[in-house]
Amino acid sequence: MTDTGSRTIVEKIWDEHVVHSAPGEPDLLYVDLHLAHEVTSPQAFEALRVAGRSVRRPDLTVAVPDHNVPTHNRHLPAKDPISQKQIETLRRNAQEHGILHFDIVDERQGIVHVIGPEQGLTQPGMVIVCGDSHTSTHGAFGALAFGIGTSEVEHVLATQTLQQRRPKTMAVEVDGDLSRGVTPKDVILQIIAEAGVDGGTGHAVEYRGTTFANMSMEGRMTVCNMTIEFGARAGLVPPDDVTFEYLEGRPYAPTGSGWDEAVARWRSVVTDPDATFDSTFRLDATTIAPRVTWGTTPAQSVSVDSAVPNPDSMPDDSVAAAARRALEYMALEPDVPITEIPVDVVFIGSCTNSRIEDLRAAAAVARGRHVASGVRALVVPGSGLIKAQAEKEGLADVFIEAGFEWRDAGCSMCLAMNDDVLEPGQRCASTSNRNFQGRQGPGGRTHLVSPAMAAAAAVNGHFADVREI
Amino acid sequence: MVMEAFRALTSKAIPLDRSDVDTDQIIPAQYMKRVERTGYGQFLFDSLRREPDFVLNDERYEGARILVAGRNFGCGSSREHAPWALEDYGIRVIIAPSFADIFRNNCVNVGIVTVVLDEAVVSELLSRSTQNPESEITVDLETCEIRAGDDRWTFDLDEFHRERLLKGQDQIDLTLRYEDRIAAYESRRAR
Ligand code: SF4
């Protein structure tokens, strides 16, 4: 906190949620919304049961299966019996404790970070947690949202609080208009490339500047989603009219006079003019081009019109060694133009880029074109409601006519826990958030791109500059 | 969860000379299909272990309880399965120049001690354990000291976390001491 008493958004939300604080101890922070999914929650519920504890506030937890759900043949159980068991365990735990649960056949089911906002559960000023690192997504609404481990999930279930040290604050200021063909995904990939994978460690980020102010909620969610990829657990955009417009009328958003009161309160969730940040990072949005990752961390990206970097020209030895290892895994030669890299698979989906705007952008490229021969392309909407919307808008037909597979909602090939898996050696243009080794299947090679760039790769059979299409 | 208390430990150390080791590498998602907390050790570093010269395949490090690694260890996914796998494999201490935030929190809850030392000291420890796999490191949580041969270095650890590790305390028990404050907060918010 600054001497003047001026505070940043993060500090305001934090102060508002401190239940107890004592010197030498972490603050005890109240949690407004806890989201649970089938993979990181079963051990937490089980531990509660063993300890004879109950869920303190079942009304503040919402559960949805997403990580390993099948994205086709939904009427059948998951092929893998253990996935099925995790899905059933979540259902049982939700029923037993009286927790709202969007089951697999419910149209509202989808990726946990897509449905929170979609249902209006995610609101400005809240503290939101989930046993998943991309919980940072909800920061797009001006909420302090971060991922936790399973022991912490158990702690939240039992106490509705978390023991946390106050994070340092970081301002990420981006100004200017995005050029044609450049998307929020490219903005965040550029930020990560410059900040490095651990540039934000220990910090909560506030995204500031005209670029974010002019972004849609979908775009803000894409940016906040990948905050964790430069090490910061949480990233927020100040709530504004764009935020309120998105939320109004959503099923769990306040209504009537409650809505007006809420908006009045949310308007104060902004950083005071003379508040200071522990660190600041600046970027000029007009210089950003569509980006493609070439390595095995999200920081290893370049613009589409350049070439695979050469480790020999990297000044830092350990950076060069990591780059060599990455290129070896990715089976890429230095100095090869990005647009000459062929792809085997294209995945459009994940909590980063599976919202209606993402599907519109991809469909705009796919329309009237066809997936290149030998390429397998999947579109996995972020929720059942997005799927229905895309079908209504005719986007599904565009994809199907272009030769894309049109699936049901879930995490799918983002982490390959269901049967949507890369085969060893396959190269994938993916709209997801992690290009770690084996992330999309053992031996699979992932290149992160925007939805439009993914569609461009699908129809060309190799990476292509979407600005030239 | 009740965890084993930790005071001090002397052991060989596994040198994992890589930075940005993510939790997908520590335990790939396909092995998270269990509803238990145990049994993940066999899948630790599963794909790296397929490389014959990967350090975990070197029998000389068998039984080591300390892992020394490069910076930003444990980045990526929040899966607690990563520390579960390390713990199940036998690791109680990880030494690195830096750790990812969520991973580090998860380690405390699993009873793994994460020690941050300068990059230069970590490289020194890495090269000692690489050259002589038998060389031992002592991690003393009571004095916050690392000892190896004639050398000693001190490290910082969040005091609250250190206490918890020393006593093997359950986090929920600690919080429930303040249950009245949680209730008071809730009734204040409800108004
Ligand atoms: S889509 Fe991917 S990153 Fe997002 S919650 Fe699912 S697995 Fe995690």
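Taking the accessible area of chain A, probe 1.4 Å, and keeping the other protein chains in place, the carbon and sulfur fraction comes to 49%. Taken along the Cα-to-beta-carbon direction at a fixed 7 Å, the label points for residue A:265 and residue B:166 span 4.1 nm. Placing +1 on each Lys and Arg Cβ and -1 on each Asp and Glu Cβ, with no other charges, gives the protein assembly as shown a dipole about its Cα centre of roughly 1260 debye. In the range A:280-429, the ratio of gyration radius to Kirkwood radius, Rg to Rh, stands at 1.01 when only Cα atoms are counted.
Taking the three principal axes of the alpha carbon atoms in the range B:1-50, the coordinate ranges are 34, 31, 18 Å, sorted in descending order. When restricted to Cα atoms, the range A:348-418 yields an Rg and a Dmax of 11.3, 33 Å, respectively. All Cα-Cα distances of the range A:195-294, cut into 10 Å bins from zero to the largest, leave 12, 39, 33, 13, 2, 0 percent in each bin in turn.
If you take the Cα centroid of the range A:212-288 and the Cα centroid of the range A:128-196, the two points sit 11 Å apart. Once Lys and Arg get +1 and Asp and Glu get -1 on their Cβ, which of A:390, A:311, A:87 lies farthest toward the positive end of the dipole of chain A? Looking along the dipole axis, the top candidate is A:87. Applying 0.36 nm per residue to the separation of residue B:157 and residue B:4 and subtracting their alpha-carbon distance, the gain on full extension is 53.3 nm.
Interface between chains B and A: roughly 4700 Å² of accessible area buried, both sides summed (probe 1.4 Å, protein heavy atoms only). Across chain A, Cα pairs under 8 Å and at least six residues apart give a relative contact order of 17 percent.
Within the listed set B:94, B:102, B:172, the residue fluctuating most in the Gaussian network model of chain B (springs between alpha-carbon atoms under 10 angstrom) is B:172. With a Förster radius of 35 Å, plug the Cβ-Cβ distance of residue B:187 and residue A:272 into 1/(1 + (r/R0)^6) and report the FRET value to the nearest 0.05. According to the calculation, E is roughly 0.75.
Beta-bridge orientation, chain B: approximately 50 percent antiparallel, per DSSP, counting only bridges with both partners inside. Dividing the Cα radius of gyration of the range A:1-138 by its Kirkwood radius returns 1.04 for Rg/Rh.
Straight-line cross-link partners of residue B:167 among the aspartates and glutamates, defined as a Cα under 19 Å from its Cα and at least 8 positions apart when in the same chain: A:25, A:152, B:4, B:87, B:140, B:142, B:145, B:156, B:158, B:159.
The spacing between the range B:147-164 and the range A:1-68, judged by their C-alpha centroids, is 29 Å.
Across the range B:51-68, rounded Karplus estimates of 3J(HN,Hα) from the backbone phi angles (6.51 cos²θ - 1.76 cosθ + 1.60, θ = phi - 60°) give 7, x, 8, 5, 4, 5, 7, 7, 4, 5, 9, 4, x, 5, 10, 10, 10, 10 Hz, Gly and Pro being marked x.
Computed with a 1.4 Å probe on the full set of protein chains, the accessible area for residue B:158 sits at about 40 Å². Annotation: per residue accessible area for the range B:8-190 equals 39 Å², rounded to a whole number [probe 1.4 Å, protein chains only]. Over the range B:8-190, Cα pairs under 8 Å with separation of 6+ residues give a relative contact order of 24 percent.
A simple spin-label model places pseudo-atoms 7 Å from Cα toward Cβ; at residue B:42 and residue A:168 they are separated by 4.3 nm. The C-alpha atoms of chain B occupy a region whose extents along the principal axes are 64, 41, 25 Å, arranged from largest to smallest.
The residue list A:259, A:242, A:224 was ranked by how far each Cα lies along the charge dipole of the range A:215-279 toward its positive end, using unit charges on Cβ atoms, and A:224 comes out on top.
Rounded to the nearest angstrom and listed largest first, the equivalent-ellipsoid semi-axes of the range A:24-81 from its Cα gyration tensor are 30, 14, 11.
Each Cα pair under 8 Å and six or more residues apart adds its separation to the average, and for the range A:347-469 the resulting relative contact order is 32 percent.
Scaling the Cα radius of gyration of the protein assembly as shown by the globular reference 2.2 N^0.38 Å produces a ratio of 0.91. Taken over the range A:384-469, the alpha-carbon convex hull comes to 104 cubic angstrom per residue.
Counting only protein heavy atoms and a 1.4 Å probe, the range A:18-83 has 36 square angstrom of accessible area per residue.
Straight-line cross-link reach from residue A:12 at under 17 Å between alpha-carbon atoms covers these lysines, not counting any fewer than eight positions away in the same chain: A:168.
DSSP assigns beta bridges within the protein assembly as shown; of those with both partners inside it, close to 30 percent run antiparallel. One equal scatterer on each Cα of the range A:319-385, no solvent, Debye formula: the resulting log10 I(q)/I(0) at q = 0.15, 0.16, 0.26, 0.28 Å⁻¹ is -0.70, -0.77, -1.11, -1.18.
Counting protein heavy atoms only, the range B:8-190 has 42 percent of its accessible area on carbon and sulfur, 1.4 angstrom probe.
Secondary-structure-derived ellipticity at 222 nm for chain A, considering helices only, amounts to -9000 deg cm²/dmol, per-run term -39500 (n - 2.57) for DSSP H runs with n ≥ 4. What is the distance in Å between the Cα centroid of the range B:47-89 and that of the range A:409-430? First find each Cα centre; the distance between them is then 24 Å.
Computed over the alpha-carbon atoms, the range B:80-191 gives an Rg to Rh ratio of 1.11, Rh here being the Kirkwood radius from the mean inverse distance.
The values are calculated or read from the model by the stated rules, or taken from the named source; none is laboratory data. A quick note: this is a predicted structure, and the numbers were derived from the prediction, not measured. Heads up, the Cβs are rebuilt from the backbone with ideal geometry, glycines too, and the neighbour counts pull from every protein chain shown. Ligands, DNA and RNA are stripped out before the accessible areas are found, and what is left, the full protein with its side chains, is counted by its heavy atoms. Shrake-Rupley method; radii C 1.70, N 1.55, O 1.52, S 1.80 Å.
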